[in-house]
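Colleague: Dropping the structure in here first, questions after.
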There are 2 protein chains.
Amino acid sequence: MEVYALKGNICYSLDKDELSIHENSYVICENGVCAGVYPDLPEDYRGIACTDYGSRLIIPGFTDLHVHAPQYAFRGLGMDLELLEWLEGHAFVEEQRYSDLNYAKRAYEIFTEDLVKSATTRACIFGTVHTEATLLLMELLEKAGFKACVGRVNMDRNCPEGLCETDALKAAQDTERWIARCQEFQQVKPILTPRFIPACSDELMRRLSELQKRYGLPVQSHLSENQAEIAWVMELCPETACYGAAYDGYGMFGKGSPAIMAHCVHSGEEEIGLMKGRKLFVAHCPESNANLSSGIAPVRTFLDEGIKVGLGSDIAAGSGLSVFRAMALAVQCSKLKWRIEDGNLKPLKFSEVFYMATRGGGEFFGNVGCFEKGYEFDALVINDTDLRSPGELTVRKRLERLMYLAEDKHIAAKYICGRKIF
Amino acid sequence: MEVYALKGNICYSLDKDELSIHENSYVICENGVCAGVYPDLPEDYRGIACTDYGSRLIIPGFTDLHVHAPQYAFRGLGMDLELLEWLEGHAFVEEQRYSDLNYAKRAYEIFTEDLVKSATTRACIFGTVHTEATLLLMELLEKAGFKACVGRVNMDRNCPEGLCETDALKAAQDTERWIARCQEFQQVKPILTPRFIPACSDELMRRLSELQKRYGLPVQSHLSENQAEIAWVMELCPETACYGAAYDGYGMFGKGSPAIMAHCVHSGEEEIGLMKGRKLFVAHCPESNANLSSGIAPVRTFLDEGIKVGLGSDIAAGSGLSVFRAMALAVQCSKLKWRIEDGNLKPLKFSEVFYMATRGGGEFFGNVGCFEKGYEFDALVINDTDLRSPGELTVRKRLERLMYLAEDKHIAAKYICGRKIF
């Protein structure tokens, strides 16, 4: 039974439109779970350990709903191509290196160490098709105290030999063995990860669908990122009504188990109709969608339709791990979409992207992303004293500008499930 | 006579398309001017002082062609409005505070200290309408070793009382007195700064135009940022063919003295025609143009037409001072424009935005922005060792990813006109 309190300026989302701000207050963590926020320590908690963070901000940790760990090695590079050419020319080239476990160790240590320093406390992560390298990544994340879902990627067509599973049956067996070996981890869990429809044969999808039902696993994949990709899917699956329906046909679209679909830049009415009322999370990755010239996702529509939306860094089509930056770009891109493309889709507000970064994506992990009673205790302590101003700023304003100005150095402390990471 | 060399991996633009990369080479500074880049120290320079920066990158300093120093106080805040409402609700409110010299001192010290830490070595800066505060800013910049053009802002209509010059004659006299007092500075120079047409009466423009001719001053202002602004200009100046022509009518459009026009998001054919072949610099401010929902400037067209383009942070419609970030956003926004708005305008490449950040904007200051012989010696030494990678990266790749990943902490040393700033 471990109970402690943090004291500071506590901020979290009540809902998409409203922030809850508690100045000079206490947030209590009891066995890794939030026991509420109080202006003074309640009677029952008198005498518990308390860290006083003074005027620092205490906010929920961020969830990164979409990140490719092996691609971190070439972050910030190779942004001169669109999706399909980029996969061929950059992503697939790098991912083949992870058959070498020494290389994988070097690369995943760097990824994990940098993720620890970042504002991210939860992540849904793509590995590669390599079982050993993916288990190594999971081990590193577990040791670092991370909560994450990690996927051994499945792909058996339209990809280079070094990444291509040649036999759908064997692919499913390999995946099942990987799932079994994931039992050793407490905090890091497996997630079924068909790369995307163009790289997964019907038979592979069928077999993965069986695994999904057998183990009740969540799914992560890509959806409607790029027009050429969509056209290719319609060609590969002539009977499908839309790209999303191709996943739905295999029960991998959030009807039973939760599913994360990254991008959804070009999701039309029919696809959006399929998404509604499901355990389906859109991973909105605005930087990636700009870098690969994909476009700007209709996030306003997703929110209006009640579809769950979180943010993704999408390393390495996105360049950095910062979810703060994803928040800023989500707002900025929504403004450009409103100005240039569709005047009906009102720009996103700060409160909305802060919600996406915390509760929106956090919901994928359960009660995660705020300091209400019963939520798992993921927290960031932010020291913004070097962001100087000639006048006084309210806590709300200090929080808002972080979206644009926060760097890793501003994170003074980080807690995941009540455990202090640094 | 001060001569020294820096050793490291030296990179600069030859032109918009080509980078010049010299690994483990020497760049020589002679009395503040570059004396060339050499693989070994030439005979004539044997024995000069040399700082060996090992495998660090040495690149030209960046020019920020458009930044409002007084607005730095609310950077990252108030991004919920479009231009005209934002000016009224945020910018003008803050700028009125600079009548108080104590406030100005606090604010401008913060601005100057942060600018010193940034990658910027040259800047064209808006102050406020207040002479004393503007001189104080210039003094701080001069003391910090900065090369900059700073403008005391002129505005005599459509603005709040605290900022409004009530008499065009007096405004011109005040400006002339300010120009005289600027003689005390060696590195920081005055630039004529009519805020923008909506805030400057015809008489004020006429009188400023006289000052410009008398003193041969450069000019900085705003152009075609926002549709409502443009409509307003056409209403205020019914006889003008386009917004740019309103400046041109007073000789403030780069025909005699150089002029910087910030934004140019909605410049049409006629305006672009006016810009061509002039000493006119477009200050492209992609973050600002996203934050205020202005749109995306047709930079590809400007480049194709041979118009000079540099980058601007446009604090505080832009949130931060980083010209690296302006480079990344310039590329990203150009991709979105190409995808969404105009498939004829090909996205900007890394080499092009690096050119804009260095030689493009630097040209406003003369021979500035590269390490060719005769160029003024502005240099940044970049330590990117914490951007770890499992494999080796070429110097070119290390340079390219900085566009996305560089933060102030990566700047290991900074030189302006040969003087080491840190």
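The values are calculated or read from the model by the stated rules, or taken from the named source; none is laboratory data. Note that the coordinates shown come from a computational prediction; the quantities given were computed from them, not determined experimentally. Every residue, glycine among them, receives a Cβ derived from its backbone with ideal geometry; neighbour counts consider all protein chains shown. Calculation scope for accessible area: heavy atoms of the full protein, side chains included, ligands and nucleic acids excluded. Shrake-Rupley method; radii C 1.70, N 1.55, O 1.52, S 1.80 Å.
Colleague: Looking at the range A:292-307 only, could you name the residues that are in contact with a helix residue (DSSP H, G or I) (Cβ under 6 Å, 6 or more places away or on another chain) and within 13 Å of another protein chain (Cβ to nearest Cβ)?
Modeller: Scanning the range A:292-307 gives A:LEU292, A:SER293, A:GLY295, A:ILE296.
Colleague: In addition: Just need a number here: residues in the range B:152-187 that are under 17 Å from B:ALA69 (Cβ atoms) and open to solvent by 20 Å² or more (accessible area, probe 1.4 Å).
Modeller: Let us first name the residues in the range B:152-187 that are under 17 Å from B:ALA69 (Cβ atoms), namely B:152-155, B:163, B:178, B:182, B:185, B:187.
Now drop any that are not open to solvent by 20 Å² or more (accessible area, probe 1.4 Å), which leaves B:187.
Number of matching residues: 1.
Colleague: Another question, if that's okay. Kindly check whether there is at least one residue in the range B:293-312 that is aliphatic (A, V, I, L, M), surrounded by fewer than 24 Cβ atoms within 10 Å (Cβ to Cβ), part of a loop (DSSP other than H, G, I, E, B) and in contact with a strand residue (DSSP E or B) (Cβ under 7 Å, 6 or more places away or on another chain).
Modeller: yes
Colleague: Could I ask something else about it? Being free of Cβ contacts under 8 Å to residues at least 40 places away in the same chain and acidic (Asp, Glu) is true for just one of B:GLU269, B:GLU287. Which residue is that?
Modeller: B:GLU269
Colleague: Which is at the interface with chain B (Cβ under 8 Å from one of its Cβ atoms) and hydroxyl-bearing (Ser, Thr, Tyr), of A:TYR103, A:TYR72, A:TYR98, A:TYR108?
Modeller: A:TYR103
Colleague: Would you confirm, using the coordinates I've provided, whether A:ARG401 is at pLDDT 95 or above, basic (Lys, Arg) and under 14 Å from A:ALA326 (Cα atoms)?
Modeller: Working: at pLDDT 95 or above: yes; basic (Lys, Arg): yes; under 14 Å from A:ALA326 (Cα atoms): yes.
Spelling it out, A:ARG401 is indeed at pLDDT 95 or above, basic (Lys, Arg) and under 14 Å from A:ALA326 (Cα atoms).
Colleague: Please state which one of B:LEU345, B:LEU321 is among the hydrophobic types (A, V, I, L, M, F, W, C), in a loop (DSSP other than H, G, I, E, B) and farther than 16 Å from B:THR63 by Cα.
Modeller: B:LEU345
Colleague: Pairs only if they're at least six apart or on different chains, beta carbon under 9 angstrom, first in the range A:389-410 and free of Cβ contacts under 8 Å to residues at least 24 places away in the same chain and facing chain B (nearest Cβ under 7 Å), second among the β-branched types (Val, Ile, Thr) and part of a helix (DSSP H, G or I); list them, first residue then second.
Modeller: Listed pairs, sorted by first residue: A:SER389/B:ILE110; A:PRO390/B:ILE110.
Colleague: Scan the helices (runs of 4 or more DSSP H) fully inside the range A:38-156 and keep the ones with 2 or more residues being among the aliphatic types (A, V, I, L, M) and either in contact (Cβ under 8 Å) with a residue 12 or more places away in the chain or over 17 Å from A:GLY312 (Cβ atoms) (or both). Steps first, answer last, please.
Modeller: Values: elements: A:83-86, A:92-95, A:101-117, A:131-143.
Filter on the range A:38-156 gives A:83-86, A:101-117, A:131-143.
Colleague: Can you spot a residue in the range B:111-124 that is under 30 Å from B:GLY366 (Cα atoms), within 9 Å of chain A (Cβ to nearest Cβ) and surrounded by fewer than 19 Cβ atoms within 10 Å (Cβ to Cβ)?
Modeller: Checked against the condition, which is being under 30 Å from B:GLY366 (Cα atoms), within 9 Å of chain A (Cβ to nearest Cβ) and surrounded by fewer than 19 Cβ atoms within 10 Å (Cβ to Cβ), the range B:111-124 yields at least one hit.
Colleague: Given the condition closer than 24 Å to B:GLU363 by Cα, polar (S, T, N, Q) and not assigned by TED's automatic domain parsing to the domain that holds B:GLY151, answer yes or no: does some residue in the range B:27-48 qualify?
Modeller: For the range B:27-48, residues closer than 24 Å to B:GLU363 by Cα, polar (S, T, N, Q) and not assigned by TED's automatic domain parsing to the domain that holds B:GLY151: present.
Colleague: From the list B:ALA330, B:ALA357, which one is in contact with a helix residue (DSSP H, G or I) (Cβ under 7 Å, 6 or more places away or on another chain), assigned to a helix (DSSP H, G or I) and over 21 Å from A:SER313 (Cα atoms)?
Modeller: On inspection, the qualifying residue turns out to be B:ALA357.
Colleague: Please enumerate the residues belonging to the range B:354-394 that are among the hydrophobic types (A, V, I, L, M, F, W, C) and open to solvent by less than 10 Å² (accessible area, probe 1.4 Å).
Modeller: B:PHE354, B:MET356, B:ALA357, B:VAL368, B:CYS370, B:PHE371, B:PHE377, B:ALA379, B:LEU380, B:VAL381, B:ILE382
Colleague: Can you pull out every residue in the range B:187-220 that is hydrophobic (A, V, I, L, M, F, W, C) and farther than 15 Å from B:ALA262 by Cα?
Modeller: Matches in the range B:187-220: B:VAL188, B:ALA199, B:CYS200, B:LEU204, B:MET205, B:LEU208, B:LEU211, B:LEU217.
Colleague: Give A:ALA283, A:ALA297, A:ALA317 a once-over and let me know the one that is closer than 16 Å to A:LEU348 by Cβ, in contact with a Leu (Cβ under 8 Å, 6 or more places away or on another chain) and among the hydrophobic types (A, V, I, L, M, F, W, C).
Modeller: It is A:ALA283.
Colleague: In the range B:52-77, what residues are within 20 Å of B:LEU399 (Cβ to Cβ) and of a type in the set (Val, Ile, Thr)?
Modeller: B:ILE58, B:ILE59, B:THR63
Colleague: Within the range B:267-287, which residues are within 14 Å of chain A (Cβ to nearest Cβ) and under 13 Å from the mean Cα position of the chain (by Cα)? It would help to see each step written out before you state the result.
Modeller: We begin by selecting, within the range B:267-287, every residue within 14 Å of chain A (Cβ to nearest Cβ); these are B:285-287.
Result: B:CYS285, B:PRO286.
Colleague: On to the next question. Residues of the range A:153-183 being closer than 19 Å to A:MET138 by Cβ and charged (D, E, K, R), which ones?
Modeller: A:ASP174, A:GLU176, A:ARG177, A:ARG181
Colleague: Which pairs have Cβ atoms under 9 Å, sit 6 or more apart or on different chains, and link a residue in the range A:237-254 that is under 17 Å from A:GLN220 (Cβ atoms) to one that is open to solvent by less than 30 Å² (accessible area, probe 1.4 Å) and among the charged types (D, E, K, R)?
Modeller: What qualifies is A:TYR243/A:GLU229; A:TYR243/A:GLU271; A:GLY244/A:GLU271.
Colleague: Among the listed residues A:TYR45, A:TYR38, which satisfies the condition of being under 30 Å from A:LEU311 (Cβ atoms) and open to solvent by less than 70 Å² (accessible area, probe 1.4 Å)?
Modeller: Residue meeting the stated conditions: A:TYR38.
Colleague: Just need a number here: residues in the range A:320-359 that are under 23 Å from B:GLY295 (Cα atoms) and within 10 Å of another protein chain (Cβ to nearest Cβ).
Modeller: Matching residues across the range A:320-359 total 18.
Colleague: Continuing with this model, one more query. Please determine, by comparing only the residues of the range A:206-236 that are in a loop (DSSP other than H, G, I, E, B) and touching a residue at least 60 places away in the same chain (Cβ under 8 Å), which one is farthest from A:ALA297 (Cα to Cα).
Modeller: Once the filter is applied, the top-ranked residue is A:PRO218.
Colleague: Condition (residue is under 20 Å from the mean Cα position of the chain (by Cα), polar (S, T, N, Q) and farther than 22 Å from B:MET79 by Cβ) applied to the range A:302-315: is it met by at least one residue? Give the derivation first.
Modeller: Narrowing the range A:302-315 to residues under 20 Å from the mean Cα position of the chain (by Cα): A:302-303, A:306-315.
Right, trim to polar (S, T, N, Q) and you get A:313.
Subset that is farther than 22 Å from B:MET79 by Cβ: none.
No: the range A:302-315 contains no residue that is under 20 Å from the mean Cα position of the chain (by Cα), polar (S, T, N, Q) and farther than 22 Å from B:MET79 by Cβ.
Colleague: Collect the residues in the range B:229-256 that are of a type in the set (Val, Ile, Thr) and closer than 21 Å to B:GLN212 by Cβ, keeping them in residue-number order.
Modeller: Within the range B:229-256, B:VAL233, B:THR240 qualify.
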